[in-house]
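Beneath this line is the structure, given in structure tokens, with notes to follow.
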Amino acid sequence: MARIHCLSPRLANQIAAGEVVERPASVVKEVLENAVDAGATRIDVDVEEGGVKLIRIRDNGQGMEPEDLPLALARHATSKISSLEDLERVGSLGFRGEALASIGSVSRLTLTSNHRDDSSEGSSALCEGRDMEVTVKPAPHPRGTTVEVRDLFFNTPARRKFLRTEKTEFNHLEEVVKRLALSRFDVGFSLRHNGRGIHSLRAADSTAERQRRVATVCGPAFMEQAVYVEHERGALRLWGWVGLPTFSRSQADLQYFFVNGRVIRDKLVAHAVKQAYRDVLYHGRHPAFVLYLELDPALVDVNVHPTKHEVRFRDGREVHNFIFSSLHKALADVRPGQPGVEVPVSEDGARTGETVDLQTGEIRSQPALAWGSPGAAPLGSGRAMPAGGYSAPAVSPARTAEQVRAYGQLHPPAAPLPESEAEEVPPLGYALAQLKGIYILSENAHGLVLVDMHAAHERITYERLKQARDAEGIRSQPLLVPQAVAVSSREVTLAQEHAGLFERLGLQVDSAGEESLLIRQIPVALRDSNVEQLLRDVLSDLAEYGSSDRIEAHMDEILSTMACHGSVRANRRLTIPEMNALLRDMEETERAGQCNHGRPTWTQLGLDELDRLFLRGR
Ligand code: ADP
Ligand code: MG
């Protein structure tokens, strides 16, 4: 071994760069975050060859004074925090003071900036050489900053070898721009690749403009099949858009979660979201969402990882519970005739269920009642007794008169009905006939409704079984011979801490030594299940997320199977009153838009669509 010595500044920075600068996308992330921290309202990104040859990012933020340029390029130099207290409640995206130094050590970096509004005389800094000395000279620049990064990894061949094709690198980089565009609606962004315009996003101030941006970034199909969520509890606020279960994906590739404006990937968050979708999603499918969690910065530690993709919540359990219950409720409320999720109304009072035609940039309103569109808010209030003579269940007014009016404006019924009449037809309408013993055809204010009878009944039965269980409590039975389970001492402690949870679920678990638990009593419903494995899984959930829904999930699965067997089978003839009763039940049932396996239970064929089928002009 050689003698101990100090590393050159460049090498020290290159070591730091190893953590922060993995590829062109990481450079873009750091530089964009700096622009946002500088208060920019407009950011232009220009790259060549996937960002490997050139990344140039210009902002109109507050800029820097000439003497600050060398500091900006120095390691451990930042304007964003100065004490530990600042760090513990940091509001800016950056705070480590090492991004520019790291990038400068593995590329040819030029920083040009001007902090004055009244002059276009800025200055420019270039850092070079082993000691990273900086030369500053005057250069024209409007207020703001331009960072130019050329030839990334030109001096670190090992890193360069890990770069993928131009296209792959560009895709990563574009994803970074998209994430930032979703996190800051108030900032305009543009992205060019090899001289070609890829994205141009104006600052989005109104709800409609924000939804348009989300549709541009995530695809219009997502927006058409998403509901808007907004929930607040104590110091926690969650808002954003969640895809309907019927818009699930085979990959977890449309999931954006922001904590105080910072995009994060967090196991705890992922688990809470997954749990909320548990009952409505096909196995192996992934939900799509764009969600924003806002909380006091002091309650979340962002200094966990150099790239700040992870965070640590001071009270993880509370955050988990809040995310889960907010989303769970939002998804349960999505049912025909009852949009429990408030659909935002934009400034001009118009409903915001719009999509954007990406070709023309034109905003279109949603097709009336397309299931799952934010506009899928059928008129749920004040309906009359249907003709069949059975009793219609009581309905809580789903939306305000104002919302209903706005709805009517954007979605005029084909044959304009007087408002009072429109309100009398229940959301799923009145049954007309049964098709092939499988589908119910029904007429509502917008046209034809098609219902998969078995799928719908299965969901209704399942929700009823769950309700009955919740009302009666979980019946449990003692085991003839208590079952011993060997676990770690940490798991014994966890089981003791969560004894209340187990008890509520009908499970009695006692400790029987330092590394052993004893299952004494189990829910009747789990009689034939592998309770030992279930207990182990629950304990590992508790260790990781502070909560577990496995026992309920397992019991639900059993109920779901029972519901499936107990539901009307295909080819059973139903009378019109029976069909109507089923439609009314669907309107009253949580999650009635999907069967127990996540398939849709009904769909709407609007008059306009029928007209189109028959080439009928209006
Ligand atoms: P950090 O963002 O963690 O502070 P950086 O190395 O990314 O560290 O940036 C160092 C400093 O340079 C910042 O604290 C900021 O003062 C200044 N700076 C960097 N980029 C910009 C910019 N686009 N506009 C204004 N100031 C900037
Ligand atoms: Mg920074």
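Bear in mind these aren't lab numbers, they're just calculated from the coordinates by the rules spelled out. Because the structure is a prediction, the values reported are computed rather than measured. Heads up, the Cβs are rebuilt from the backbone with ideal geometry, glycines too, and the neighbour counts pull from every protein chain shown.
Below is a table of values for the structure above.
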read-out	value
Highest-first arrangement of 284-290, 6-12, 124-130, where packing means the average Cβ count within 10 Å	284-290, 124-130, 6-12
Computed lengthening from T135 to R490, 0.36 nm per intervening residue step minus Cα-Cα distance	122.0 nm
A270-H76 FRET efficiency (beta carbon distance; Förster radius 35 Å; 0.05 resolution)	0.60
Sites R314 and R573, calculated FRET efficiency, Cβ-Cβ separation with R0 60 Å, nearest 0.05	0.50
Among Y228, A25, S325 the positive-end extreme of the charge dipole of the chain (Cβ point charges)	A25
Calculated on alpha-carbon atoms, Rg and Dmax of region 290-329 in Å	11.2, 35
Region 179-299 shape via C-alpha gyration tensor axes, a/c threshold 1.5	oblate
Charge dipole (debye, nearest 20) of region 168-213; +1 at Cβ of Lys and Arg, -1 at Cβ of Asp and Glu	100 debye
Prolate/oblate/rounded call for region 9-201, Cα gyration tensor, a/c under 1.5 rounded	rounded
Relative contact order of the chain, defined on C-alpha pairs under 8 angstrom at six or more residues apart (%)	11 percent
Region 114-158-region 11-26 distance, computed between alpha-carbon centres (Å)	18 Å
Helix-only mean residue ellipticity at 222 nm for the chain, each DSSP H run of n ≥ 4 adding -39500 (n - 2.57), per residue, nearest 500	-10500 deg cm²/dmol
Inter-label distance for A553 and F154, nm, one decimal - labels placed 7 Å from Cα along Cα-to-Cβ	5.1 nm
Distance from region 552-618 to region 37-54 (C-alpha centre basis), Å	49 Å
Förster radius 30 Å - calculated FRET efficiency between R464 and E609, Cβ distance, rounded to 0.05	0.35
Potential extension, R42-D117 segment - 0.36 nm per residue separation minus Cα distance	25.5 nm
Two-site label geometry, L299 and L479: point separation in nm, points 7 Å out along Cα→Cβ	3.9 nm
Whether the chain is rounded, prolate or oblate, judged on the alpha carbon gyration tensor where a/c under 1.5 counts as rounded	oblate
Above-threshold pairs, the threshold being 28 Å between Cα atoms, out of K274/K436; K436/K466; K178/K274; K29/K161	K274/K436; K436/K466
Mean Cβ count within 10 Å, highest first, over the residues of peptides 250-259, 64-73, 104-113, 448-457	104-113, 448-457, 64-73, 250-259
Chain lengthening between L518 and H5 when straightened (0.36 nm per residue, less Cα-Cα)	178.8 nm
Placed amide H near R42: partners under 5 Å, 5+ positions off or other chain	N60, G188
Estimated inter-spin distance, R599 and L441, nm [label 7 Å along Cα→Cβ]	2.1 nm
